[in-house]
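Novice: Pasting in a structure now, in C-alpha coordinates, and then I'll have a few things to ask.
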Amino acid sequence: MKNLLRENKGFLAFLFLFGIFRTAVADWNPIPSSSMHPNLLEGDVVFVNRLAFNVKVPLTDVVLAHTGEPQRGDVVTFSSPADGTRLIKRLIAVPGDVVEMRNERLIINGKPAGYVAAGQGTDLVDDTAVVAASRYSETVYGRPHLIQVMPEREARRNFGPVRIPADQYLMLGDNRDNSADSRYIGLVPRNLLIGRAVRVLVSADIMGNWKPRLERFGMAMR
(Lines give C-alpha, C1' and ligand atoms only; values in the text may rest on other atoms or scores of the structure.)
Protein backbone atom coordinates (compact mmCIF):
# COMPACT_ATOMS: atom_id res chain seq x y z
CA MET A 1 0.00 0.00 0.00
CA LYS A 2 2.82 2.40 0.86
CA ASN A 3 4.44 1.76 -2.50
CA LEU A 4 1.12 2.33 -4.27
CA LEU A 5 0.63 5.64 -2.49
CA ARG A 6 4.22 6.69 -3.17
CA GLU A 7 3.97 5.85 -6.87
CA ASN A 8 0.68 7.72 -7.28
CA LYS A 9 1.18 10.64 -4.91
CA GLY A 10 1.18 13.15 -7.76
CA PHE A 11 -2.13 11.87 -9.10
CA LEU A 12 -3.64 11.70 -5.61
CA ALA A 13 -2.54 15.28 -4.92
CA PHE A 14 -4.17 16.34 -8.19
CA LEU A 15 -7.44 14.63 -7.20
CA PHE A 16 -7.35 16.31 -3.80
CA LEU A 17 -6.73 19.77 -5.24
CA PHE A 18 -9.33 19.21 -7.95
CA GLY A 19 -11.88 18.28 -5.29
CA ILE A 20 -11.05 21.44 -3.33
CA PHE A 21 -11.39 23.49 -6.53
CA ARG A 22 -14.82 22.03 -7.30
CA THR A 23 -16.16 22.49 -3.79
CA ALA A 24 -14.71 25.96 -3.12
CA VAL A 25 -14.00 27.81 -6.38
CA ALA A 26 -15.93 26.62 -9.43
CA ASP A 27 -18.18 23.75 -10.36
CA TRP A 28 -20.54 22.50 -13.02
CA ASN A 29 -24.17 21.59 -12.57
CA PRO A 30 -26.18 19.26 -14.86
CA ILE A 31 -29.80 20.32 -15.38
CA PRO A 32 -32.00 17.29 -14.58
CA SER A 33 -35.51 18.76 -14.86
CA SER A 34 -37.71 21.25 -16.69
CA SER A 35 -38.11 23.71 -13.79
CA MET A 36 -36.06 26.40 -15.57
CA HIS A 37 -37.67 26.12 -19.01
CA PRO A 38 -37.44 27.84 -21.41
CA ASN A 39 -33.99 29.15 -20.44
CA LEU A 40 -32.33 25.94 -19.22
CA LEU A 41 -33.09 22.54 -20.68
CA GLU A 42 -32.60 19.01 -19.42
CA GLY A 43 -29.12 17.99 -20.55
CA ASP A 44 -27.56 21.45 -20.19
CA VAL A 45 -24.46 21.55 -18.01
CA VAL A 46 -23.91 24.99 -16.49
CA PHE A 47 -20.73 26.54 -15.13
CA VAL A 48 -21.15 27.74 -11.53
CA ASN A 49 -18.98 30.41 -9.91
CA ARG A 50 -18.78 29.28 -6.28
CA LEU A 51 -16.96 32.46 -5.24
CA ALA A 52 -19.72 34.78 -6.45
CA PHE A 53 -21.30 35.15 -3.01
CA ASN A 54 -19.31 33.37 -0.31
CA VAL A 55 -16.03 31.70 0.55
CA LYS A 56 -16.82 28.48 2.39
CA VAL A 57 -14.91 25.79 4.18
CA PRO A 58 -14.68 23.07 1.48
CA LEU A 59 -17.37 20.38 1.69
CA THR A 60 -19.39 22.40 4.22
CA ASP A 61 -21.87 25.28 4.39
CA VAL A 62 -19.64 27.18 6.83
CA VAL A 63 -19.15 30.70 5.40
CA LEU A 64 -15.72 32.26 5.96
CA ALA A 65 -16.35 35.52 4.09
CA HIS A 66 -18.79 37.23 1.77
CA THR A 67 -17.44 37.98 -1.70
CA GLY A 68 -20.47 39.58 -3.38
CA GLU A 69 -24.15 40.31 -2.96
CA PRO A 70 -26.77 38.12 -4.66
CA GLN A 71 -28.86 40.20 -7.06
CA ARG A 72 -32.45 39.92 -8.28
CA GLY A 73 -32.43 38.01 -11.54
CA ASP A 74 -29.32 35.92 -10.80
CA VAL A 75 -29.59 32.22 -11.63
CA VAL A 76 -28.35 30.54 -8.47
CA THR A 77 -27.50 27.03 -7.34
CA PHE A 78 -28.23 26.23 -3.70
CA SER A 79 -28.98 23.42 -1.27
CA SER A 80 -32.68 23.03 -0.64
CA PRO A 81 -33.64 24.08 2.92
CA ALA A 82 -36.20 21.26 2.83
CA ASP A 83 -33.98 18.25 2.14
CA GLY A 84 -30.51 19.39 1.05
CA THR A 85 -31.02 18.58 -2.64
CA ARG A 86 -29.00 20.79 -4.97
CA LEU A 87 -31.35 23.05 -6.92
CA ILE A 88 -31.03 25.79 -9.52
CA LYS A 89 -33.54 28.64 -9.63
CA ARG A 90 -33.80 32.36 -10.28
CA LEU A 91 -33.31 34.74 -7.37
CA ILE A 92 -36.37 36.99 -7.26
CA ALA A 93 -36.28 38.86 -3.94
CA VAL A 94 -33.46 39.87 -1.58
CA PRO A 95 -33.46 40.75 2.14
CA GLY A 96 -35.75 43.69 2.92
CA ASP A 97 -37.92 43.24 -0.19
CA VAL A 98 -41.69 42.96 0.16
CA VAL A 99 -42.83 40.52 -2.52
CA GLU A 100 -46.13 39.09 -3.62
CA MET A 101 -47.55 37.19 -6.58
CA ARG A 102 -51.02 37.76 -8.01
CA ASN A 103 -52.20 35.51 -10.86
CA GLU A 104 -48.58 34.64 -11.78
CA ARG A 105 -47.49 38.30 -11.77
CA LEU A 106 -44.87 39.54 -9.32
CA ILE A 107 -45.00 42.75 -7.32
CA ILE A 108 -41.80 43.72 -5.50
CA ASN A 109 -41.74 46.68 -3.12
CA GLY A 110 -45.02 47.85 -4.62
CA LYS A 111 -43.59 47.82 -8.16
CA PRO A 112 -45.21 45.35 -10.59
CA ALA A 113 -42.83 43.37 -12.77
CA GLY A 114 -43.19 43.95 -16.51
CA TYR A 115 -44.63 41.26 -18.77
CA VAL A 116 -44.55 41.02 -22.58
CA ALA A 117 -45.94 38.02 -24.47
CA ALA A 118 -43.13 35.94 -26.02
CA GLY A 119 -44.96 33.12 -27.78
CA GLN A 120 -46.52 29.75 -27.14
CA GLY A 121 -45.09 26.30 -26.60
CA THR A 122 -45.65 22.98 -24.88
CA ASP A 123 -44.02 21.20 -21.96
CA LEU A 124 -43.86 17.60 -20.82
CA VAL A 125 -45.23 17.23 -17.28
CA ASP A 126 -44.62 14.14 -15.12
CA ASP A 127 -42.96 12.48 -18.15
CA THR A 128 -46.38 11.73 -19.62
CA ALA A 129 -48.62 14.74 -20.26
CA VAL A 130 -47.93 17.36 -22.93
CA VAL A 131 -49.30 20.67 -21.64
CA ALA A 132 -49.74 23.99 -23.46
CA ALA A 133 -47.41 26.75 -22.20
CA SER A 134 -47.43 30.51 -22.65
CA ARG A 135 -44.12 32.35 -22.56
CA TYR A 136 -43.43 35.91 -21.39
CA SER A 137 -40.53 38.25 -21.00
CA GLU A 138 -40.57 39.15 -17.30
CA THR A 139 -38.64 42.24 -16.20
CA VAL A 140 -37.77 42.52 -12.51
CA TYR A 141 -35.96 45.72 -11.52
CA GLY A 142 -34.69 46.30 -15.03
CA ARG A 143 -33.49 42.72 -15.66
CA PRO A 144 -35.52 40.81 -18.29
CA HIS A 145 -35.70 37.04 -18.62
CA LEU A 146 -38.11 34.54 -20.13
CA ILE A 147 -40.61 32.60 -18.06
CA GLN A 148 -43.38 30.22 -19.00
CA VAL A 149 -46.72 29.40 -17.41
CA MET A 150 -49.13 26.53 -17.94
CA PRO A 151 -52.71 27.66 -17.18
CA GLU A 152 -54.04 24.08 -17.38
CA ARG A 153 -51.76 22.89 -14.56
CA GLU A 154 -52.57 23.31 -10.87
CA ALA A 155 -49.99 25.54 -9.20
CA ARG A 156 -49.48 28.22 -6.55
CA ARG A 157 -50.12 31.40 -8.50
CA ASN A 158 -50.69 33.70 -5.53
CA PHE A 159 -48.77 34.41 -2.34
CA GLY A 160 -47.82 37.22 0.00
CA PRO A 161 -47.13 39.96 0.51
CA VAL A 162 -44.16 38.79 2.55
CA ARG A 163 -41.09 40.71 3.72
CA ILE A 164 -37.82 38.86 3.12
CA PRO A 165 -35.79 38.61 6.37
CA ALA A 166 -32.07 39.27 6.66
CA ASP A 167 -29.84 36.65 5.01
CA GLN A 168 -32.81 34.99 3.25
CA TYR A 169 -33.69 34.86 -0.44
CA LEU A 170 -36.79 34.00 -2.45
CA MET A 171 -36.18 31.68 -5.42
CA LEU A 172 -38.56 30.83 -8.27
CA GLY A 173 -38.20 28.55 -11.27
CA ASP A 174 -38.63 30.16 -14.70
CA ASN A 175 -41.11 27.37 -15.47
CA ARG A 176 -43.48 28.87 -12.93
CA ASP A 177 -46.13 26.14 -12.88
CA ASN A 178 -43.69 23.22 -12.75
CA SER A 179 -41.07 24.17 -10.17
CA ALA A 180 -40.47 23.17 -6.54
CA ASP A 181 -39.20 26.57 -5.43
CA SER A 182 -39.64 28.95 -2.48
CA ARG A 183 -43.42 28.66 -2.76
CA TYR A 184 -43.02 25.05 -1.61
CA ILE A 185 -39.64 24.72 0.14
CA GLY A 186 -39.45 28.13 1.80
CA LEU A 187 -36.90 30.93 1.68
CA VAL A 188 -33.23 30.05 1.18
CA PRO A 189 -30.66 31.11 3.83
CA ARG A 190 -27.48 32.69 2.52
CA ASN A 191 -25.25 29.93 3.86
CA LEU A 192 -27.06 27.44 1.58
CA LEU A 193 -26.23 29.41 -1.57
CA ILE A 194 -23.65 27.53 -3.65
CA GLY A 195 -22.91 29.94 -6.48
CA ARG A 196 -24.05 31.92 -9.49
CA ALA A 197 -24.66 30.03 -12.74
CA VAL A 198 -22.69 31.88 -15.42
CA ARG A 199 -23.17 30.04 -18.71
CA VAL A 200 -24.01 26.72 -20.35
CA LEU A 201 -20.82 24.72 -20.88
CA VAL A 202 -22.23 21.88 -23.00
CA SER A 203 -25.67 20.51 -23.82
CA ALA A 204 -27.21 17.31 -25.16
CA ASP A 205 -30.78 16.26 -25.85
CA ILE A 206 -31.06 13.71 -23.04
CA MET A 207 -34.85 13.54 -23.45
CA GLY A 208 -34.46 12.49 -27.08
CA ASN A 209 -31.56 11.06 -29.06
CA TRP A 210 -28.67 12.49 -26.94
CA LYS A 211 -27.59 14.61 -29.89
CA PRO A 212 -25.31 17.50 -28.83
CA ARG A 213 -27.06 20.90 -28.97
CA LEU A 214 -24.07 22.79 -30.31
CA GLU A 215 -25.93 26.10 -30.47
CA ARG A 216 -26.13 26.08 -26.64
CA PHE A 217 -22.41 25.47 -26.01
CA GLY A 218 -21.00 28.50 -24.18
CA MET A 219 -24.37 30.27 -24.03
CA ALA A 220 -24.40 33.06 -21.42
CA MET A 221 -27.04 32.89 -18.70
CA ARG A 222 -30.03 35.16 -19.20
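The values are calculated or read from the model by the stated rules, or taken from the named source; none is laboratory data. It should be emphasised that the depicted structure is a prediction, and the values quoted were computed from it without experimental measurement. FYI the Cβ positions are ideal-geometry reconstructions off the backbone, even for glycines, and counts take in every protein chain you see.
Novice: Working only within region 211-222, note down all residues that are free of Cβ contacts under 8 Å to residues at least 24 places away in the same chain and either touching a Gly at 6+ places or on another chain (Cβ under 8 Å) or among the aromatic types (Phe, Trp, Tyr) (or both).
Specialist: Phe217
Novice: Sticking with this one: Considering only strands (runs of 3 or more DSSP E) fully contained in region 106-157, which possess at least 3 residues that are under 15 Å from Arg90 (Cα atoms)?
Specialist: Because the criterion is at least 3 residues that are under 15 Å from Arg90 (Cα atoms), the strands (runs of 3 or more DSSP E) in region 106-157 that meet it are 129-140, 143-149.
Novice: Then there is this: Residues being part of a helix (DSSP H, G or I) and surrounded by fewer than 15 Cβ atoms within 10 Å (Cβ to Cβ): count how many of those fall in region 193-222.
Specialist: The total comes to 2.
Novice: Here is a list of conditions, (1) among the hydrophobic types (A, V, I, L, M, F, W, C); (2) modelled with pLDDT under 50; (3) in contact with a Leu (Cβ under 7 Å, 6 or more places away or on another chain), and Phe21 meets all of them except one; can you say which number that is?
Specialist: Tallying (1) among the hydrophobic types (A, V, I, L, M, F, W, C); (2) modelled with pLDDT under 50; (3) in contact with a Leu (Cβ under 7 Å, 6 or more places away or on another chain), Phe21 fails exactly one: (3).
Novice: For residues that are without any contact (Cβ under 8 Å) to a residue 40 or more places away in the chain, closer than 18 Å to Asn39 by Cβ and of a type in the set (A, V, I, L, M, F, W, C), scanning just region 107-130, find the one that is surrounded by the most Cβ atoms within 10 Å (Cβ to Cβ).
Specialist: Restricting to residues being without any contact (Cβ under 8 Å) to a residue 40 or more places away in the chain, closer than 18 Å to Asn39 by Cβ and of a type in the set (A, V, I, L, M, F, W, C), the top hit is Ala113.
Novice: What's the number of the condition Leu91 fails, among (1) under 12 Å from the mean Cα position of the chain (by Cα); (2) not in a strand (DSSP E or B)?
Specialist: (2)
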